[in-house]
Structure formats: C-alpha cells, structure tokens
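Inspection log for the structure reproduced underneath, given as structure tokens.
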Amino acid sequence: MFVHESTIRIRYAETDQMGYVYYGNYASFYEVARTEMLRSTGITYKQLEEMGVMMPVMDLTCKYYQPARYDDLITIKTCIKERPNIRLKFEYEIFNQQGILLNTGSTQLVFVNMKRNRPCKAPDIFQEKMEPYFGK
C-alpha cells in the first residue's frame, strides 16, 4: 500500500457564498494530491505522457462530511491500496488543520497508449516505482 499526504491552503476564490469550499473544487484537490503523490515516486504525469501514456479519469466518487472554509490548511491523505496494472485507483481523505475528517473520495484512472488510444499496462518504469509498496 502506498500512502502520501499533501497540504493545500484554501483560497477565497475556492469558496462559495456560504463561505464553504465549492463542492466542485474537491476534484481539483484530488488531482493536486495524486499528482504530488506520483511526483514523490520520482515520476510525473508529464514524464508518462512523454513516454506516450496518458491517464484519464474513468470514475470519481466524493462524499462530504464537514465543509472546508477559506484559509483552512487541509491535508489530503492519498492511498493506493492495489498494485496498478491497467487501472489505478486512488483513495482520498481530506482533513482540516484540527484533524477533522471533511471529505472522502476516490478516482480510478486508466493507462492509455496515446498512439493507439487504447488501454495499456502501466509502463515498466512506473511498475518499478511501485515495487517498494507492493512487491513484485
């Protein structure tokens, strides 16, 4: 299992008239967290795309418990529980600075060969980066 934490300070522009983070912004928070998680392994989305592999989102779930507010420092705990193959599932928990759980969610992405526009296995270099967390 691979776990990573990212923090984001909530900007005023991310809130709605009630002073809560607009619900649609949580997908962006998930994207920041998974991008930083991948970067922490030593490989980036950009590098994967340069190898001819893209990773579109094929599924997103999101559940709200408490609102995040302007200037909150949120922590996004991102987890990959299963070894990536053709698909890669990220699970998220978002906490405020008091450690209160605000939101949970998940995204499932698929590795796609950009030339053929077809699903493919995760590149070998990516699989190698995952080995410490899942073994061979």
### Message
I'd like the orientation of helix 124-134 relative to the chain: the angle between its Cα long axis and the longest Cα principal axis, in ° from 0 to 90, rounded to 10.
### Response
60
### Query
Tell me, what is the FRET efficiency for CYS120 and GLU5 to the nearest 0.05, using R0 = 25 angstrom and their Cβ-Cβ distance as r?
0.25
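Given the -39500 (n - 2.57) contribution per DSSP H run of 4+ residues, what per-residue ellipticity at 222 nm results for the chain, rounded to the nearest 500 deg cm²/dmol? Before the final figure, lay out each step's value.
Numbers: 3 runs with 34 residues, N = 136.
My calculation for the chain gives -7500 deg cm²/dmol from helical runs alone.
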### Message
Just to confirm, what accessible area per residue do you get for the chain at 1.4 Å probe, in whole Å²?
### Response
59
### Query
What's the tally of Lys pairs in the chain whose alpha-carbon atoms lie under 27 angstrom apart, where the two lysines are 8 or more places apart or on different chains?
25
### Query
Using Cα atoms only, what is the angle between the long axis of helix 25-41 and the major principal axis of the chain, expressed in degrees (0 to 90) to the nearest 10?
50
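I'd like the projected area of the chain, averaged over all directions, using the convex hull of its alpha carbons. Report it in nm² with one decimal.
Working: hull surface 33.7 nm².
The Cα convex hull of the chain, projected and averaged over all directions, gives 8.4 nm².
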### Message
How much length would be gained if the chain were fully extended between GLN98 and THR35, taking 0.36 nm per residue of separation minus their Cα-Cα distance, in nm to one decimal?
### Response
20.2 nm
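Over segment 8-63, what lengths in whole Å, largest first, do the semi-axes of the equivalent ellipsoid take, defined as the square roots of 5 times the eigenvalues of the alpha-carbon gyration tensor?
Details: eigenvalues 153, 35, 16 Å².
Here the semi-axes work out to 28, 13, 9 Å.
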### Message
What distance in nm lies between label points placed 7 Å from Cα along the C-beta direction at SER28 and CYS79?
### Response
2.7
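The values are calculated or read from the model by the stated rules, or taken from the named source; none is laboratory data. Predicted model only: the values in this text are computed from it and were never measured. Note that we place each Cβ from the backbone using ideal geometry, even for glycine, and neighbour counts take in every protein chain shown. When the accessible area is computed, the model is the full protein with side chains, heavy atoms only, and any ligands, DNA or RNA have been set aside. Shrake-Rupley method; radii C 1.70, N 1.55, O 1.52, S 1.80 Å.
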